[in-house]
Amino acid sequence: MRRSARFANHSSKLPLNLIGLLVVAVTFVAHAQPIATGLSGSGGEVTDGAKQADRPAWRGTSVNYSHNLGVMTLAPGAEPFYTPTWSQRLGLMPEWHFGDLITLRGRFFLSQEFTESDSTRYRNEVELSDVWLDTVWSGFTEKNSRIHLGADLRVTLPTSKVSQAQTRILTLGPGVNVSRRFDVLSGLTLIYSTRFTWRANRYATRQNEGPKSCGDTRALECADFILNSGVRNVQFDVLHGPVVSFAPHPKVDVSASFLMQRGWLPALAAVPAELAGSTELAAGTGVATRDLMIFSLSVSYQAFKAVGFSFGAWTFSNQLGEDGRYQFPLFNRNTTLYLDATFDLEGAVSSFRKEKS
Amino acid sequence: MTRRPSLRVAVSFAALVAISCAEQQAPINRVQPDALDKAFFVGKDYQAASDDPEFYSQATVVDVGYGAGQDGLFTSSYAQPLSRVKWTVTEDLLIARLAYERIQGSDGKGVGKATNDGIVVAAYAIKSHFDIKREYNPQTGEQTNVIVENTVDRPWYQRQYIRVDWSKNLSTDNYEFDTLSQLGVYGGITYEPLAYTVQTPGDADAPHVDTASGYLDVTNKAFARPQLVDLSSLGGGVMPACYFDADFSGGGAPNTQCSPVELTIRQAFRKVEDTDYEPADWDGDRFKAFGAFTTDRSGYAREYGMTDTQWHRFINRYNIWKRSHFYADANAKTGAVGCFNPTTTPAGANPHRDVNKDGTEDECAAVGRGSRCDTFSQKCTLPFRDRELQPVVWYHSDGSNPDFFEPTRDAAHEWDVALRRRARGTRTWLCLKTEGRTRPTSPGTPASCRTRRPSVAAAGLAARSMA
């Protein structure tokens, strides 16, 4: 994605990063929702303890491959400057189950933009995401109301450029989700999830100002980084919102989510003594938070036991657009379309054994 | 020994807290040097003249390179006028205007605290009006830790800071108030377009800004064109003086240089503070007794034009008194006793009249003890016996020849002794005069006229080394 030089500073890799954010959101949803497609492998509602015990500890481990397309790529005349964005992404998503209650889950993504990138040093550079390590408690279901409560603790390690630019050491994020499943066709699940994330940064400000170091990380912090030209790092944030997952058929799942994030900023640095006389410096704006909204919609199809596909769109907005208007939170210039293929390792091994036998 | 789990949790939590405290970095300061607060020049209200401070303004030629053929450059003290100015800030210019009438009583320009319309004595280009503020996200208002010069959020006349190009006084034909103009007139000197202000930090000539004490100086470099000689009478043209030996029709070789002569001129501004000085008109009789440099002020009378009675020659002298006028509240300098005004001085009356011959002028009887009317300040003076001396300090600064310090200090000491004796004597004599006595006959000197000997530290002249 490359805009004219004049607007280079104002441009951002929105579609590409939106794609990243979408995966984050999908992952978030996948974590929060009960197992509906059989693909996610995430710690969700335990429905059949005996069956789970028969499965390997690494069940749910998968590899994800996707192509992502900024929606504006399909509409060259929609904006004054045409900024196509097309990228591919490989996700490594191992899991290890300690019995039925506790799961250790990792996420790591490699991404590469085919179009001209604003964030890489050379064309087609491969960028890394942060490493996510989730310790998931599958939770329990209250028998009368059938309301399920789950929780997890997420630790991220700063392997992405954007996190390193923010002098990140690690993040700690406990999350809880409440869900209720209804027996509609193959299942309708309503979820509300909340996560608090404490970001341990070495410095209160990032090491550069611009969004240039935020490539395709498909991580939540990337969206924050892109859309805010301020240089303060968010100190902690709360992300919450509803998720709906509907399975009209055992192999089909339709999910939608609307998540809201509020990040709290550290205090501004003290004014140098030689500038203490500035009246404008003394008058702050009082803006100490940063808000973000994320919307996603996806359709998944479990074609085979080992392979499933997802097609979806997701977008985010958190401030006025470049035309001075509020961005429509469900669809805007940041919207990204994606097509995912997920290879489930357990399913693949199972199919291989069956074929061999 | 078995560690308890709670201890591990506590240690882990402490470690977590330790690494989670983000260190605050100093903000990125993109404000360039020489940003000057407009309030320094025109007070807090940038538009109103009523709070505009007054400044003393003077340029001093502090250095001339060897090889200048123009003698005037070395005797340039005549071209270093001191003036009292108020500033006007426009979009493009910082203009200094006289804070008084050039001819008293003429047109009223520059008179009064609420006006700022005096004669223009200097004008400097303003390079930028700006605010100093944090950079911010224009879409959310979120501020960053980057401090910048903002030139867009407010109109120029509301922005707090300016950056001035001090290198040239754009009022180039100001022959009464501008040093270079005067040098051009009296010394016949012309200048190169090249001129700049020394701004390198650490340079002795870098700008000095002390807003707390109200002082600012900048040092400029100007370049005088090489001296020329006119050989047209000999059939030649105008030629550089450096081409010819000194014995040939104004030639200056080999010492006169063929390159422009570099002038270093320090332009200094200091806020006018009320020092309660009592001016003295050094008329002809006084001048005969004690010659002194004076600053002339002329006056204009309607129907008469310029008159001798309003021509004053004020002596240039040090102010050795802490206060010279009487105030009910001495610290606040309020509650002065007025004189020489329509209320106290009947038409045609002498403001210095002392009808009862008690040594105190009648208009200052409320002060008593020999108080007189200062007709220029229109306030009654503080009796000499009540005045306190203040030191007058000459600084021997870095870079001065150390050989001069000892003799300067000795000379200062001699003047100090003489002045302190005279000040003490004046106080005593005037006191005796007020008490009806003609001579101090110890022990007959009234106790009220006995003055303490001024301490060395507190009074008189002193030479101090700044080194």
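Each value in this text was obtained by applying a stated rule to the coordinates, not by laboratory testing. As the structure is a prediction and not an experimental result, all values here were calculated from the model. No Cβ is skipped: glycine too gets one built from the backbone with ideal geometry, and neighbour counts run over all protein chains shown.
Here are the numbers for this structure:
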read-out	value
Size of electric dipole in the range B:270-350: Cβ of Lys, Arg +1 and of Asp, Glu -1, about Cα centre, debye, nearest 20	260 debye
Placed amide H near B:L263: partners under 5 Å, 5+ positions off or other chain	B:A222, B:F223, B:A224
Kirkwood-type radius of chain B, with distances r between different C-alpha atoms, in Å	27.6 Å
Within straight-line cross-link reach of A:K354, lysines at Cα separation under 21 Å, skipping those fewer than 8 residues along the same chain	A:K51, A:K251, A:K305
Sparse-neighbour loop sites [GluC sites (Glu not before Pro); the range B:241-316; at most 16 other C-beta within 10 Å; DSSP]	B:E273, B:E303
Sum of side-chain charges, B:I315 neighbourhood, beta-carbon under 9 Å (Lys, Arg +1; Asp, Glu -1)	+2
Amide H within-cut-off set for A:F140, under 5 Å, with H built and near neighbours excluded	A:L149
Helix-only mean residue ellipticity at 222 nm for chain B, each DSSP H run of n ≥ 4 adding -39500 (n - 2.57), per residue, nearest 500	-4500 deg cm²/dmol
Amide hydrogen neighbours beyond the local backbone of A:Q327, cut-off 5 Å, H modeled	A:Q319, A:G321
Cross-link reach list, aspartates and glutamates versus B:K271, counting only Cα pairs under 15 Å and skipping chain neighbours closer than eight places	B:D37, B:D51, B:D52, B:E54, B:D210, B:D217
Links that overshoot a 27 Å alpha carbon limit, given the list B:K38/B:K113; B:K113/B:K221; B:K86/B:K221	B:K113/B:K221
In sequence order, calculated HN-Hα J values of the range B:99-110 (Karplus, 6.51, -1.76, 1.60; Hz; x Gly/Pro)	8, 7, 6, 5, 10, 4, x, 8, 10, x, 6, x
Lysines whose Cα lies under 21 Å from that of A:K161, excluding same-chain neighbours fewer than 8 positions away	A:K13, A:K212
